Amino acid sequence: MSKNLKENLISRGLWTRALHMILFAITYSIAGTVMAAIVVVQFLFVLFTGHRLPRLLSFGEGLAVFIYQVLRFLTFNTEDKPFPFGNWPGESPRIEGRN
């Protein structure tokens, strides 16, 4: 067994990342289902009223960015973990001491 492989197998950070990846893969699946529901509801609303739901637009955009962030993490393109380890997409960063 090569030294590099042995180091990788005992790397706590890599196994922690694997756990996060499993949880985010499950989250990604759920988020995809929620996004499909948003698409259907928004379409039906526009079909019947001719108008879009602004709050649904905002949530859908945030969810789309979240899904993108999850995919970037899962494909090792970033080490930054998405929400809930960071802010929800489009949300202002929290300043300590302020609500």
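The values are calculated or read from the model by the stated rules, or taken from the named source; none is laboratory data. Note that the structure is predicted; figures quoted are calculated from it, not measured. All Cβ positions, glycine included, derive from the backbone under ideal geometry; neighbour counts span all protein chains shown. Remember, those area values only see protein heavy atoms, side chains included, never the ligands or the DNA or RNA. Shrake-Rupley method; radii C 1.70, N 1.55, O 1.52, S 1.80 Å.
Odds and ends about this structure:
- Highest-first packing order for the peptide set 10-20, 61-71 is 61-71, 10-20, based on the mean count of other beta carbon atoms within 10 Å.
- Net length gained if the chain between Ala18 and Ser58 were fully extended (0.36 nm per residue, minus Cα distance): 11.3 nm
- Square roots of 5 times each gyration tensor eigenvalue, C-alpha, the chain, largest first, Å: 36, 18, 9
- Against the main long axis of the alpha-carbon atoms of the chain, helix 12-49 sits at an angle near 10°.
- Helix axis angle, 54-74 relative to the chain longest principal axis, alpha carbon, degrees: 20 degrees
- Surface share of carbon and sulfur [accessible, 1.4 angstrom probe, percent] for the chain: 64 percent
- Average accessible surface for the range 1-93: 75 Å² per residue, computed with a 1.4 Å probe over protein heavy atoms with every protein chain in place.
- Taking Thr75, Thr27, Thr49 as the candidate residues, the one with maximal mean-square fluctuation in a Gaussian network model of the chain, Cα springs under 10 Å, is Thr49.
- Assuming charge only on the beta carbon of Lys and Arg (+1) and of Asp and Glu (-1), the dipole of the chain about its Cα centre is about 180 debye to the nearest 20.
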